[in-house]
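Only one structure is covered here, and it is reproduced in the block below.
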Amino acid sequence: MTLLRTASLTLTGLLPLTSMAAPAPAPLDLPALIECRQRVADYDAVAPVVADPLKAVANGLQPLEQRNQFMAEYRLASPITVFGQRAEYITVSGASIMAILDVADPRPLAKGLKLEDGVDNPDKFMAGREVVARDVTDPRTGEPMIESIILSVSTVQSHPGKTLAGCTYSLDLPAEDEEEEEAAPAPDASLPPSVNTPDGGH
């Protein structure tokens, strides 16, 4: 009896430990992500969700047929409000997450967000603005990086009459590294002319 009681007490003591599962990840704050109110570390939580259809559904994202090869599209279980507009659909493409808005003309929205026009023609509109540029350390490599967060508004031919508005989160190399690359020695001037050198492009 003593042995059985000891084993019983041991198992009872272990139950709270074995029943303590890892805490569930916090649900995605889609409005904050889309409106550039989050950070790169927060956006990192998006990739594992959209990579797994079950996780996507658990987060209120219903995967849809891909109409554009460059972006995955989802219908929201509960519509959200972003930039003062109601959104039922979002897209994710690499480092970008965008809301698909029922807005035919993107220009008033871009102007209201104080974005800089990049492309403006009948087939394509694109405007953006870097809202955050801060020095950070890459947690994976320990290297100094620049956290860049860009707000943008655009149109795509696969979604006529719609406007895409959202945010791009990225870690970029510091400008010093780019300057070092630009300062690299120029090629030997004694090389014979070719189509890739100024003298060979007659």
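The values are calculated or read from the model by the stated rules, or taken from the named source; none is laboratory data. Since the model is a prediction, treat every value here as computed from it, not as a measurement. Glycine also receives a Cβ, built like all others from the backbone with ideal geometry; neighbour counts cover every protein chain displayed. Side chains are part of the model used for accessible areas, which takes the heavy atoms of the whole protein and leaves out ligands, DNA and RNA. Shrake-Rupley method; radii C 1.70, N 1.55, O 1.52, S 1.80 Å.
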Original post:
In region 56-164, what GluC sites (Glu not before Pro) fall in a loop by DSSP, with at most 13 other Cβ atoms inside 10 Å?
Top reply: GLU65
Subject >> In region 49-120, the chymotrypsin sites (Phe, Trp or Tyr not before Pro) that fall in loop regions by DSSP, at most 12 other Cβ within 10 Å >> reply: PHE70
**OP:** Mind running the shape call on region 35-87? Use the C-alpha gyration tensor, a ≥ b ≥ c as the square roots of the eigenvalues: rounded below 1.5 for a/c, prolate if a/b tops b/c, oblate otherwise.
**Re:** rounded
**OP:** Just the number, please: carbon plus sulfur as a percent of the accessible area of region 60-185, 1.4 Å probe, no ligands or DNA/RNA counted.
**Re:** 48 percent
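How much area per residue is accessible in region 86-163 when the probe is 1.4 Å and only protein heavy atoms are counted (Å²)?
Per-residue value: 55 Å².
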Subject >> Sparse-neighbourhood loop sites, trypsin sites (Lys or Arg not before Pro) in region 62-127 - DSSP loop, at most 13 other Cβ within 10 angstrom >> reply: ARG67, LYS114
